[in-house]
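Structure below; questions to follow.
Taken together, the values in this text are just the output of simple stated rules run on the coordinates, not laboratory data. Model, not experiment: these values are computed from the prediction. A quick note on method: Cβ atoms are made from the backbone with ideal geometry, for glycine too, and the neighbour counts reach across all protein chains shown.
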Amino acid sequence: MAKAPVIKINNLSKKFMLGDIEVQALQSVSLEIYSGEFIVFFGVSGCGKSTLMSMIAGLQPPSTGSILIRGEDLAKLDSNELAQHRRTKIGMVFQAFNLIQTMNVVENISLPLAFARISKGRRIKRAENLLEIVGMSKYKNRAPNQLSGGQQQRIAIARSLVANPWIMLADEPTGNLDSKSADDVMRLLVSLNRKSKRTVILITHNPDYLQFADRVFWMQDGKVIKVEANAHAVTFNEKGKSSASKADSFSLDNESKDESKSEALEEPPAEKPETAPATPKETENKEEEAEVKN
Amino acid sequence: MKIIDVLRIAIGNLMRNKLRTFLTVSGVVVGISTIVFLVTLGFGLQKLVIRKTTNLEALKVITLNSKNKEESKNLNATLVKKLQDIPNVDVVTPSYYFSASIDGYEGLAPAIYAIEPSHFEVYDLKTKNGKQFTDESAKEIIVNKKLVDDLKEDQNTIIGKSFKFNITGIGQDDSTKTMDVELKVVDVLNDESPGKIGYSPFKVFADMNSNYYNIKIKVKTQEQLPEVKKIIESMGFSTSVIKNQLSAINLAFAIINGILGAFGMVALFVAAIGIFNTMTISLLERTHEIGVMKAIGGRDKDCSRIFTAEAATIGLMGGTFGITIGWGIGRLLEVIINYLASKAGPADQIPGHLFYTPPIFAIGVVVFAFLVSTFAGIWPARRASRLNPLEALRYE
């Protein structure tokens, strides 16, 4: 992978106050993540991995240091641009699913597209597409609380994919799931990475998942203590019996046909202009266009 | 986020909390219907007063008075001719005024106005039986209630009776002139005037050769009145119009309506606090949801707009229902009062419309409810927009 990193983190530190006590959540973290990698941040709770993830998502600013997403410094973005960053480049999956309880499944999945001012018809089409991919089509009008945890997480994954982001951030996505559902979710994440070459960042304290990673960042006390490259990252297919067909069926190419545009499965350098420094000040309208093209 | 999507989410949220939405909207409904009820009553009474004291024809009439003897000399047929040439003047009609005595009624000195029967409507005289003079020079008189009383007659039986009047007036040559004439009562005026008054046809008194008492000018439409009035005044005459009284009535009612409206405002203010309260609670309940929205790409603006839209929707619903209910209560009360009045008294005592809702007021009230509610939602909406997404996500 001899190209520019999709995420470049320089000397990143984060401190915050818990009452009167200053907590050093991250200390001088520097790392690079490349397009199409499956990355695992591994460590016990409180090691700073969730803080790191929220900073990549632009949910909180660094104390010192910088985060560059395809060369664009998040610190230079205002709150609207950060929202756009999360909407178009980042897909987040949480331990607690974080579906909006007052909306049904389709509404939840299509919500990021609503923020992107995409018409209801197109949103629903896209959402239904993703529902098929995560195998939840028949639940499209259910409320989240009518679904099991595993089902909810699959909906959440569909939502994270709806705007076709570059990077998927999954923070303990299986933490609240039984092992069967956890397997389903992991299978989905792995195939997302393998089949559509999407950059996936998984945060976990479960060592079982290290085998899927291209690289593992071991974290402790706010520092990356070890980086482990894994030349033979396991694909889920090898583990599960029925998973092969499922994984095969999962391809974002299907969607790209429906959306009648070339799917940005992987971001070749040619796609870079969209994120080039010249564009951050694009107007809302331009932003929409860009998103529609996506 | 598109406005339509903001509205979808906002209305969805309101629908999911039906009881709370209903109660909050009810607050606005009470406030708005109170304002509507009170103010439309004010408008209605205003119209009623104007209707009962004047008629629309009277609003088109300019009265040209003589301030003194010198001026009165100028009120003559030549002037009438001149006034008729003013554009937009419909009718010009002069009148005489005489003092009189009546044979057989010592000390009774009614005032007699001589008017042109063809322009009877200009004087806005309401007679009991709707009768007018038979012709331009009929020796007839329409008397008012006070005169009937002083004649010791009954308002019904006096009609058709004749009285011998001794008329005194001043001629154009300043000489005092008198005239004896027998006038037949054709109708009784429906007035409350304390003076003893009679109206007779103008031509009966032609021989008196008096100056005119005044000249009434009727313009074609009410809007033209100020312009014509100006022209007449520029000719050096003083005028009076019923409009002056009208603006006094209007001013009085503007004050009354203001006070009534202020009472309603108190209710609406309480409703606004209700909206504020609802939105603040809703904000607390949905803090986590806002965190999620921001995490998946919602802008601060989108979050605040959802809240603003909810508050505005409450206001719009409250305003619309409020005006309907306020209007409905008014109508109901009107029907009841008119029914009771028709049972209790004569037909002309039925008040008719007591409530009046000008369309602009109706629209204004709904807009007002909308604005007040939106205003009440501003603070919660701003808080929603300023929530730290990470803290909001952690909030349970």
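By how many degrees, between 0 and 90 and to the nearest 10, does the Cα long axis of helix B:359-386 differ from the longest principal axis of chain B?
Here the helix axis deviates by roughly 20 degrees.
Sort B:K18, B:K60, B:K177 so that the residue with the fewest other Cβ atoms within 10 Å of its own Cβ comes first and the one with the most comes last.
Fewest-to-most Cβ neighbours within 10 Å comes out as B:K18, B:K177, B:K60.
Using per-residue counts of other Cβ atoms within 10 Å, averaged over each peptide, order A:104-115, B:209-220 from highest down.
Averaged packing, sorted descending, gives the order A:104-115, B:209-220.
Going by average Cβ density within 10 Å per residue, which order do the peptides B:307-319, B:359-371, B:38-50 take, highest to lowest?
B:307-319, B:38-50, B:359-371
Within the set B:K67/B:K203; A:K15/A:K76; B:K128/B:K343, which residue pairs have Cα atoms separated by over 29 Å?
none
Give me the one-decimal Kirkwood hydrodynamic radius in Å for the stretch A:1-113, with the sum taken over alpha-carbon pairs.
Result for the stretch A:1-113, one decimal place: 15.7 Å.
Based solely on its DSSP helices, what 222 nm [θ] is calculated for the protein assembly as shown when runs of n ≥ 4 H residues each add -39,500 (n - 2.57) and the sum is averaged over all residues, nearest 500 deg cm²/dmol?
-15000 deg cm²/dmol, from helical runs alone.
Taking beta carbons within 10 Å but only from partner chains, what does the mean come to for residues A:97-105?
4
So for A:L31, B:L284, A:L188, fewest C-beta neighbours within 10 Å to most, what's the order?
B:L284, A:L31, A:L188
Under the definition of partner shielding as Cβ atoms of other protein chains within 10 Å of a residue Cβ, what is the mean value for peptide B:266-273?
0
Using the count of nearby Cβ atoms within 10 Å as a rough guide to exposure, how do B:M179, A:M168 rank from fewest to most?
Neighbour counts put them in this order, fewest first: B:M179, A:M168.
Follow-up question, since we're still on this one. Using the structure shown, list the pairs from A:K49/A:K197; B:K81/B:K218; A:K226/B:K294; B:K73/B:K218; A:K138/A:K197 with a Cα-Cα distance above 25 Å, or answer none.
Result: A:K226/B:K294; A:K138/A:K197 exceed 25 Å.
What are the lysines whose alpha-carbon lies under 16 Å from the alpha-carbon of A:K180, with same-chain residues fewer than 8 places away excluded?
Result set, ordered by chain and number: A:K239, A:K241, A:K246.
Right, next: To the nearest whole number, what is the average tally of beta carbon atoms from other chains within 10 Å of the beta carbons of peptide B:151-164?
That works out to 0 on average.
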